[in-house]
Amino acid sequence: MSERLIAPSILAANFNNLGADIEMINQSEADWIHFDVMDGVFVPNISFGIPVIEHVAKIAGKPLDVHLMIIDADKFIVPFIEAGASLLTVHYEACPHLHRTVWQIKDNGAKASVCLNPHTPVSLLENIIVDLDMVLLMSVNPGFGGQKFIQGTYDKVKKLKELIQEKNPECLIEVDGGVNFETGAELFKAGADVLVAGSFVFGSENPAKTIAGLKRV
């Protein structure tokens, strides 16, 4: 069984006490810290940007997993990597020159990931999967936390796993949206490597215990 990675999403953290939540993640069994960067254009919400990531990077003990839900991602790749992103995810739907974008991420020292919205088929990654370190599958429509999990995601993970095993076995599969103990267990069974969890972690009575539980579902 491959290693199971958990990336708590700080979109659901307490921004009045963000330092304490980052320290909780540092002390927990979490593997990465996930950031959802939204521009209010590509998705119908605005979250946070480079200054928040810069400040978190100063105290983070885990790699920063930054998901850009934005248009014109190319112009922000270097600033986000300089701010501390170890892994940068861009959207297939927002990048008309995807190879160029992916190579720019890698050339600047970060790992490159591409995200697919729920309606976007895995087959569209066939010509770029060999260049990717990870694929992020959205199991809800991006823009807001706490949405209902889309059941078709399990089959999508399985299809992506087949493509990865054929063309780039080192590529990871990350899933974000509606992750809990039940969906998490099924996602790992289907072939996912990394689970992003926001409200399920930070809304629980003991977030560190919830993170540990997700690794063992």
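The values are calculated or read from the model by the stated rules, or taken from the named source; none is laboratory data. Note that the structure is predicted; figures quoted are calculated from it, not measured. Methodologically, a virtual Cβ is constructed for each residue, glycine included, from the backbone with ideal geometry; neighbour enumeration extends over all protein chains shown.
Based on this model, can you work out whether ILE173 counts as closer than 23 Å to PHE35 by Cβ and free of Cβ contacts under 8 Å to residues at least 40 places away in the same chain? Judged against the criteria, ILE173 is a match. Can you tell me which residues in region 91-107 are among the charged types (D, E, K, R) and either farther than 15 Å from ILE70 by Cα or touching a Cys at 6+ places or on another chain (Cβ under 8 Å) (or both)? Those that are among the charged types (D, E, K, R) and either farther than 15 Å from ILE70 by Cα or touching a Cys at 6+ places or on another chain (Cβ under 8 Å) (or both): ARG100, LYS106, ASP107. Filtered by the rule that a residue be in a loop (DSSP other than H, G, I, E, B), hydrophobic (A, V, I, L, M, F, W, C) and under 22 Å from ILE10 (Cα atoms), region 91-117 gives a lone residue, ALA110. GLU170 meets the conditions (1) within 24 Å of ALA13 (Cβ to Cβ); (2) out of contact with any Gly (no Cβ under 6 Å at 6 or more places or on another chain) in every case but one. The failed one is (1). Of all residues in region 185-194, none satisfies being charged (D, E, K, R), under 18 Å from the mean Cα position of the chain (by Cα) and modelled with pLDDT under 95.
For the condition of a type in the set (A, V, I, L, M, F, W, C) and closer than 27 Å to VAL41 by Cα, VAL217 does not qualify.
Any residue in region 146-154 that is buried (at least 21 other Cβ atoms within 10 Å of the Cβ) and either in contact with a helix residue (DSSP H, G or I) (Cβ under 6 Å, 6 or more places away or on another chain) or more than 25 Å from ALA185 (Cβ to Cβ) (or both)?
The answer is no, given that none of the residues of region 146-154 is buried (at least 21 other Cβ atoms within 10 Å of the Cβ) and either in contact with a helix residue (DSSP H, G or I) (Cβ under 6 Å, 6 or more places away or on another chain) or more than 25 Å from ALA185 (Cβ to Cβ) (or both).
None of ASP72, ASP36, ASP21 is touching a strand residue (DSSP E or B) at 6+ places or on another chain (Cβ under 6 Å) and of a type in the set (D, E, K, R) except ASP36.
If you check VAL135, VAL130 for being touching a residue at least 12 places away in the same chain (Cβ under 8 Å) and surrounded by fewer than 18 Cβ atoms within 10 Å (Cβ to Cβ), only one passes: VAL130. Quick one: would you say VAL122 is over 13 Å from the mean Cα position of the chain (by Cα) and at pLDDT 95 or above? It is true that VAL122 is over 13 Å from the mean Cα position of the chain (by Cα) and at pLDDT 95 or above.
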